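Here's the structure, in structure tokens; my notes come after.
Just so it is clear, none of the values below were taken in a lab; they were calculated from the coordinates. From a predicted model like this one, the values you see are computed outputs, not experimental measurements. All Cβ positions, even for glycine, are placed from backbone atoms using ideal geometry, and neighbour counts span all protein chains on display.
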Amino acid sequence: MQLIECVPNFSEGNDLNIIKQITDTIETVEGVRLLNVDPGKATNRTVVTFVGNPDAVIEAAYLAIRKAGELIDMSKHKGEHPRMGATDVCPLIPIANISMEETAQYAQRLAKRVGDELQIPIYLYEAAQPNKERNNLSVIRAGEYEGFFKKIKLPEWKPDFGPAEFDAKRGGTVIGARDFLVAYNINLNTTSTRRANAIAFDVREAGRKTKDANGQMITQPGTLKSVKAIGWYIEEYGVAQISMNLTNINITPVHIAFDEVCRCADARGIRVTGSELVGLIPLKAMLDAGKYFLKKQKRSTGVSEAELIKIAVKSMGLDELAPFNPEEKIIEYLLRNKSDERLINMKLTAFADETASESPAPGGGSISAYIGALGVSLATMVANLSSHKKGWDERWEEFSNWAEKGQQYKNALLKLVDEDTSAFNQIMQAMSLPKATEEDKKIRSAALQAATKNAIEVPYKVMQLALESMEVIQKMAEIGNPNSISDAGVGALCARSAVIGAFMNVKINASGFADKDFVNKIISKGKEIESKAIALEAEIIQYVDERISQ
């Protein structure tokens, strides 16, 4: 399924009723999911994020632009953020199974419709704009709302779509296609916009204009690539901020932007007190930030996803101005289907009760995946304890790498807890299909075989991962903190049991599968994995016993 994201910015951040009317309009479109609504009082601007299939997204965007034009009067608008229209900018971002070129075509379709039907002056930007001399948003918006009454009359600034007359009430709108952008503000312990701007010019890629030794104007680039930045004063918070757009977080990640602003601010006698995200951020950006700050402390990065996010939030002060809720700010968390994680999100007692109930699932496959996750979790704990062991400071990175590897196995096995139960449920659903006619029977048989193959492959994957995880367990039994080697031993017992238990599920599900060549191959491979796990467990237990008795 193709997915694109739309992040329209509306020039209203104070009247929540107006904002709700716009977002309600977006939610009337089937196939669209509203992810985030982020109003700013001082900027008098709201950033809205929604995703869906391309046709649904551009329909929702059109309706939102129309509604904003009805409700917002730009002739009365005041705010700190540069702006030129009721819907100031409306970018489309490719998310899944769609290219930037295709996304740009959808942006052009949307722009043409808004210009033709709503008679709003429309400018294309970024990937949607074929004229590279006018594809930069800041260049298009230069002069802002007040300056566009004259600017739009210039031949070089004729709109791409819509009338060449500036609409006093609705203004103009910029529509385009771009990569994922992180809007990020860094808080300063000053109220001076001039000093905030000086820091912004220090770091932004465009830098500042200055004179050389001959008095000629030259551009002095800033220190950060793919970063746009300005300084402003936010009355709502009583502080100045560096307002940044990180246009490529693979080039300049959020944590590097934060640290560089800290460095430049300190050089000017100013302190950074925290920061805030406007809109959403990818999970990887938060995890990378957490690892970055842990590495600076020479601490293990092999901790849980939740702990990495917590470290990132605290290190960058993302909760200084308002609470930071990962479930509302991280895009993957908003997109995920909670029902796919029903079991692993249960409390231990609830999971045990569910297993013990008369329902046949979760069964042995899910339990095998779970004990496999527990086994490698114990080894990961040993790695983390070893990383922080007194006197082993020079080895923190060695153990951190093992802990990271353990976390990866743990996360993959936890995912299979729910996948195994889902695989069983798919078999049950296939069996419930009608079989009154020959055609019904064909459809039912095909569905049953597909579901059965999946029910074989999921526990087989558990076997593979549990065996691979024993590498971490074995290493921790050999070199880990001697006070915790018994934990590595228990981890080995769990991993071996996970392999044997999962193999039982492979075999029972394979008994009902028609493709015997497939069955014979997977059973043969399963026997190899089982033998290796049993032998490796015995080897690890021997290491543990020898080290305990030393």
With Cα coordinates, the longest principal axis of the chain makes an angle with the long axis of helix 438-479, in degrees rounded to 10, of 80
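So which trypsin sites (Lys or Arg not before Pro) in the range 304-382 end up in coil per DSSP with only 11 or fewer other C-beta atoms within 10 Å?
Details: sites: Lys310, Lys314, Lys329, Arg336, Lys338, Arg342, Lys347; in loops: Arg336, Arg342, Lys347.
Hits after loop and neighbour filter: Lys347.
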Between helix 100-113 and the chain: long-axis angle, C-alpha atoms, 0 to 90°, nearest 10: 40
Using the Karplus equation 6.51 cos²θ - 1.76 cosθ + 1.60 (θ = phi - 60°), what ³J(HN,Hα) coupling, rounded to whole Hz, does each residue of the range 38-43 give in order, writing x for Gly and Pro? 10, x, x, 6, 5, 7
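Can you compute the helix-only [θ] at 222 nm over the chain? Use -39500 (n - 2.57) per DSSP H run of at least 4 residues, normalise by all residues, nearest 500 deg cm²/dmol. Working shown, then result.
Working: 17 runs with 287 residues, N = 550.
Taking each H run of at least 4 residues, the total per residue is -17500 deg cm²/dmol.
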Please report the relative contact order for the chain, taking Cα pairs under 8 Å with a sequence separation of at least 6, and give it as a percent rounded to a whole number. 10
Mind sorting out which of (i) 33.4; (ii) 24.7; (iii) 27.1 is the real mean projected area of the Cα convex hull in nm² computed from the coordinates? (i)
Could you list the chymotrypsin sites (Phe, Trp or Tyr not before Pro) in the range 327-435 that lie in coil according to DSSP, counting only those with at most 14 other Cβ atoms within 10 Å of their Cβ? Trp392
J(HN,Hα) series, the range 318-335, from Karplus relation 6.51 cos²θ - 1.76 cosθ + 1.60, nearest Hz, glycine and proline x: 5, 10, 5, 8, 7, x, 9, 9, x, 5, 9, 10, 9, 4, 5, 5, 6, 8
C-alpha long axis of helix 516-548 to longest principal axis of the chain, angle in °: 80
Under 5 Å between amide hydrogens, which residues at least 5 positions from Ala240 or on another chain qualify, with H placed 1.01 Å from N in the peptide plane? Leu188, Thr190, Thr191, Ser192, Ile234
Hey, can you rank 103-114, 296-307 by average C-beta count inside 10 Å, highest first? 103-114, 296-307
